[in-house]
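Below you'll find the structure, written out as structure tokens, and then a few comments.
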Amino acid sequence: MKIIRALCHVFVWLCMLFTAAMMLLMVAEVLSRWILNRAILGSTEWAQVLLCCTMSSFGAAILCNRMTKVDILTSHLKPKAQVILDIFVLFLSAVAIGVLSWRQGAYAVTTYNQHVIFDNIRLPKWPFVAVFSMSYGVAALTTLCIFVRKIVSAVKGDWEKEARLGDTDWEFAFGKHGVSSWSPDDQPGEEKANGGDGA
């Protein structure tokens, strides 16, 4: 799990760099159209590439439990049912994300062998596709780690703790000595008794 956390941290930094570059590009594009009355050559392709690369933080989003989840019904289930449902969904997610990573990796190899380049910016496609593929590969491994953790917790009978955690990896989200309003080891209602405001 330490390796997964480290890889996710790397891709978070990559995501921030890609996002900053995309924002600067958009500002430069607007100024160019306003002052020079013309667009930056290849700006559309750059925007597409950078936007795609912002998905590199996929694994980190999973570890921080920041993926969009429709839990209108599941939030009313008992902790045991929630964990069992999470295990099932995580397994399917790991398979789906893994297939996407594999297909994008195969496409990166194809574009490398065929020397495919962008029309305007004249850069090869394969490095950007490879980043996308690797980030999804890390996300698939991340999902698999959370899947295994939930199974282990289920065997130990830690249904309440695991249901409260969701997909969150406590150490990645808050650090080893991170402080939050509640700890996953707290008993239900304990955070309120201690003056906290809940999760």
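Between LYS2 and MET16, the distance separating the two model label sites (each 7 Å from Cα on the Cα→Cβ line) works out to 2.3 nm. The label point for ASN37 and the one for LEU77, both projected 7 Å from the Cα toward the Cβ, are 6.2 nm apart.
Read the figures in this text as sums done on the coordinates, not as results from a lab. Note that this is a predicted model, so its numbers are computed, not measured. Virtual Cβ from ideal backbone geometry, glycine too; neighbours counted across all protein chains shown.
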